[in-house]
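The next block holds one structure in the form of structure tokens; read it before the comments.
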Amino acid sequence: MSAFGRKNGAGGMAKGARPSFGVAKPMRGGGSGAAQAKSDPAGGEQFPPVPPEGAAVEQAAPAPAAGGRKQDDAMSRLADRSNAVHDTSNELGGFEASVHKIKEQVLPRLLERVDPEAAATLTKEELSEEFRPIIMEVLAELKVTLNRREQFALEKVLIDELLGFGPLEELLNDPDVSDIMVNGPDQTYIEKKGKLVIAPIKFRDESHLFQIAQRIVNQVGRRVDQTTPLADARLKDGSRVNVIVPPLSLRGTAISIRKFSEKPITIDMLKGWDSMNDKMATALKIAGACRMNIVISGGTGSGKTTMLNALSKMIDPGERVLTIEDAAELRLQQPHWLPLETRPPNLEGQGAITIGDLVKNALRMRPDRIILGEIRGAECFDLLAAMNTGHDGSMCTLHANSPRECLGRMENMILMGDIKIPKEAISRQIAESVDLIVQVKRLRDGSRRTTNITEVIGMEGDVIVTQELFGFEYLDESEDGKILGEYRASGLRPYTLEKARQFGFDQAYLEACL
């Protein structure tokens, strides 16, 4: 193996390399070099003939081994990265720049002629019809002539500015964009197909960006300013938004938007995207349908919420499901679903409703399943209590790098609270409550994979015992940088087979895991 996780070339003797001692031919005596060459034209003597005096000696250069080529390629990439000069300038193109320049001239005069309260009651299509003659008047005053394409572009930009989120509207409407990261008014990055690229948009100035950030958080009853410089919010389509403003952000207002697909994502779709294989998909479907308690573990942006939404498709339509989140982003695919959302404290620091408060209240609302968007603290104990008191099939997500770390984090989160119970009792509660841990990971090529499906079996002494059902094994990397690997079943009999038997899926579950 090389230092960067890539397999070296196949073993064996490289072309032109010296033979080992075990394959040398026996020495033959007598005769000149020419005579020996004549007697054995195929060569292979231990001592080749001596060339005539003055003749040039030809030596075949040994061909580099495959492992050497890969090592050289890795070192050259390191050298390129260390010497690279990154260009972060983001100048708008010709057409966009001209429309942007005209917009700056038209917008102040347009606002003088428009009642903002009346405009807010209209849809974008109605507002576009009302604005068209007013925009033509302003352009005539400014003595600016535009063609039809420029007029449509100007109308769209102005309406986005007044009713939407300004330059962000174009990115929000692009289905290929999964993440939007605004780092101040002059720099915006987007994620497309797992890779970050700079976006061709700009804001007027910091006040323009701050105004759009306030418009986003005000829609869900939150606020952001210098006294409360952090805010979590959501858009109408369920996309998650985080806003941080100065003085905490040194480059100006920063907005991070995690977009979610309008089309519901299923486990079969994840399988088609090579996030898992057929057997893993079958096992997860059965786990969701058989009311197993599932914890989805992974890093930031690894696809935990997407996996939770996909698993929710397997919930029986007759079950009552409650979801509890800090900022509502889950989009369950069930008819009987009630989402709950926490509330931050007011300016006096009063009135906060935490996830733990909502979990306790949810127990009085006759739920069949309780699903937590993400657990970060002592509310983990409330979730375990719900899992262990008749609410089988509950699910949650948390940040961890492996199934074993996931269990450790759950223990630590419970210890963060005011609950005075020994660590061994906490471990036992986790072992008795959680059935499966699904580990998802975002690999360096941008792909999101389900790397582990692990069962929680029970306790052995003071250690939680687990059993891996499926795992992803890294094999190599293709020429275009795509990671190649294989999903493998451990071949072990699942400990949760009894739960699958209660719902009639025991044979299918056993075949999928073996």
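What order, most packed first, do the peptides 220-230, 164-174 have when packing is the mean number of other Cβ atoms within 10 Å of each residue? Spell out each step's value before the answer.
Details: 220-230: 13.9, 164-174: 18.3.
Peptide ranking by packing, descending: 164-174, 220-230.
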In whole µm²/s, the translational diffusion coefficient that Stokes-Einstein assigns to segment 198-341, given a Kirkwood hydrodynamic radius over C-alpha pairs, 10 °C and 1.306 mPa s, equals 91 µm²/s
For segment 450-511, what is the convex hull (Cα atoms) projected area averaged across all directions, in square nanometres?
-> 6.0 nm²
Give, in nm to one decimal, the length gained when the segment between A140 and I353 is fully stretched (0.36 nm per residue of separation minus the Cα-Cα distance).
-> 71.2 nm
25 °C / 0.890 mPa s Stokes-Einstein diffusion coefficient of segment 99-163, Kirkwood radius on C-alpha pairs, µm²/s | 207 µm²/s
Treating every alpha carbon of segment 166-262 as one equal point scatterer without solvent, the Debye formula yields log10 I(q)/I(0) values at q = 0.18 Å⁻¹ of -0.78
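At R0 = 56 Å, how high is the FRET efficiency between A74 and E112 if r is their beta carbon distance? Nearest 0.05 is fine.
Working: r = 62 Å, r/R0 = 1.10.
The computed FRET efficiency comes out at 0.35.
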Where in segment 493-514 does the label zone of V465 land, with the point 7 angstrom along Cα→C-beta and an amide N cut-off under 18 Å?
-> 493-499
27 Å tail of the calculated P(r), segment 267-513, as % of Cα pairs | 34 percent
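Which FRET efficiency, nearest 0.05, do N277 and R149 yield, Cβ-Cβ r, R0 45 Å? Don't skip to the end; give the middle numbers.
On the way: r = 48 Å, r/R0 = 1.07.
For N277 and R149, the calculated efficiency is 0.40.
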Cα centroids of segment 489-506 and segment 297-318: how far apart, whole angstrom?
-> 21 Å
Taking 0.36 nm per residue of separation between T228 and L122 and subtracting their Cα-Cα distance, the length gained on full extension comes to 35.0 nm
Greater than 31 Å apart at Cα, pairs in K124/K360; K202/K271; K236/K271; K193/K423; K271/K499 = K124/K360; K202/K271; K193/K423
Of 369-378, 235-244, 483-492, ordering from highest average Cβ density within 10 Å down gives 369-378, 235-244, 483-492
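So if each residue of separation counts as 0.36 nm, and I subtract the Cα-Cα distance between Q105 and K360, what length gain in nm does that give? Provide the component values of the computation, followed by the final result.
Values: separation 255, 0.36 × 255 = 91.80 nm, distance 5.54 nm.
Length gained between Q105 and K360: 86.3 nm.
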If each of D268 and S207 carries a label point 7 Å out from its Cα toward its Cβ, how far apart are those two points in nm?
-> 5.5 nm
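Since every read-out is calculated from the coordinates, none of them should be taken as a lab result. This one's a predicted model, so the numbers in the text were calculated from it and none came from an experiment. Positions of Cβ are generated from backbone atoms using ideal geometry, with glycine treated the same way; all protein chains shown enter the neighbour counts.
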